[in-house]
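Heads up: the structure comes next, in structure tokens.
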Amino acid sequence: MEVKCRVCGRRVEIAVWTAEYERLKSSDDPAYICDMCQQRIQAEAQDERSR
Ligand SMILES: [Zn+2]
């Protein structure tokens, strides 16, 4: 299944046997965020806290 990252718009292929696929499949509004963006968001969240 191909999904589009909500943040950067990059298309990512999700394998059907992964937990991520199950999560997206069972969601009414699947909001996929790719690994790259997830890491960036986490880093920014940590930045906010340390300020
Ligand atoms: Zn992304």
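Per the conditions (1) within 16 Å of the ligand (Cβ to nearest atom); (2) modelled with pLDDT under 95; (3) assigned to a helix (DSSP H, G or I), the sole criterion not satisfied by D47 is (1). Considered as a group, the residues in region 1-12 that are at pLDDT below 95 and more than 10 Å from the chain's Cα centre (by Cα) include one that is nearest to the ligand (Cβ to nearest atom), and that residue is E2.
Scanning region 23-40 for residues that are surrounded by fewer than 12 Cβ atoms within 10 Å (Cβ to Cβ) and either assigned to a helix (DSSP H, G or I) or within 16 Å of the ligand (Cβ to nearest atom) (or both) returns K25, A31, D35, Q39.
The values are calculated or read from the model by the stated rules, or taken from the named source; none is laboratory data. A quick note: this is a predicted structure, and the numbers were derived from the prediction, not measured. Methodologically, a virtual Cβ is constructed for each residue, glycine included, from the backbone with ideal geometry; neighbour enumeration extends over all protein chains shown.
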